[in-house]
Amino acid sequence: MFHFIQKFSQASSKRLKYLFPMGLGAIRKTDTLSLKTSLQQNFFPWFPRPRLLSSFPVCMSKTQCYHTSPCSFKKKQKQTVLPARPPSTITYLPDSPKPALYVTLAGLIPFFAPPVFMLMTKTYVPVLAFTQMAYGASFLSFLGGVRWGFSLPEGSPAKPDYLNLVNSAAPLVFSWFAFLISERLSEAIVTVIIGLGIALHLDLFLLPHYPNWFKALRIVVTLLACFSFIITLIVKNIYPERGPKRPGQIE
């Protein structure tokens, strides 16, 4: 037994000299755990190695790293070009011919004169409200006539087919119905408002053949006319009714 221990110590000293020719003094900072591990690997090959270190390269090989450089992101961002938005229709209002613009603005006076007068006097006058409704119904008929006349000339983008001609008669139906129920003035005013909205929708989306400046005028006039009617309805519910009643009005 002593002889075996002596041979083992001689062999270990030779291996240490072979591994560390400079001596143990030159490796003072060597970790004890790493030295013990190296000795176990050199002198005890039958000793089981830790599985953590052997499996670590396998885990690293299965790990995938994804990286996107900022340069490639900038290149992709530059390649993606969004389409330019078309300008809104209302922006074409300054392009309107001066006569058309001035005549249209003057045509708004009958819409706003009755409600402004009633607001100033703080009274609701049925005759003035009726004249405002009658003017709105006549304006609806005028819009239908514009569509009909626009589709008649040769070379016009709006052809005289059923789509254009029937839609030109739609505002006329609303104006006729507003006069039919004029005894109930509030309902007649609401009918005119609905007719103006439908006529605007037809001219802008269903039949988009008008020039852009004319469509801009249609938007402005329709919004202002509906706003004037809303003021009249508010005045009727707030202020007392005064003045002579219109002919044929139900008590």
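Derivation of every value follows stated rules applied to the coordinates shown; laboratory data play no part. In this text the structure is predicted, and so the values were computed from the model without any measurement. Neighbour counts are summed over all protein chains in view; Cβ atoms, including those assigned to glycine, are modelled from backbone coordinates with ideal geometry.
Residues being in contact (Cβ under 8 Å) with a residue 12 or more places away in the chain, buried (at least 16 other Cβ atoms within 10 Å of the Cβ), small (Gly, Ala, Ser) and more than 30 Å from Ile238 (Cα to Cα) are entirely absent from segment 125-136.
Of all residues in segment 172-195, which are part of a loop (DSSP other than H, G, I, E, B) and either surrounded by 20 or more Cβ atoms within 10 Å (Cβ to Cβ) or among the aliphatic types (A, V, I, L, M) (or both)?
If the condition is that a residue be part of a loop (DSSP other than H, G, I, E, B) and either surrounded by 20 or more Cβ atoms within 10 Å (Cβ to Cβ) or among the aliphatic types (A, V, I, L, M) (or both), then Ile181 is the only one that fits.
Test Ser168 against the stated conditions and say whether it is touching a Gly at 6+ places or on another chain (Cβ under 8 Å), surrounded by 14 or more Cβ atoms within 10 Å (Cβ to Cβ) and among the hydroxyl-bearing types (Ser, Thr, Tyr). So Ser168 passes the test.
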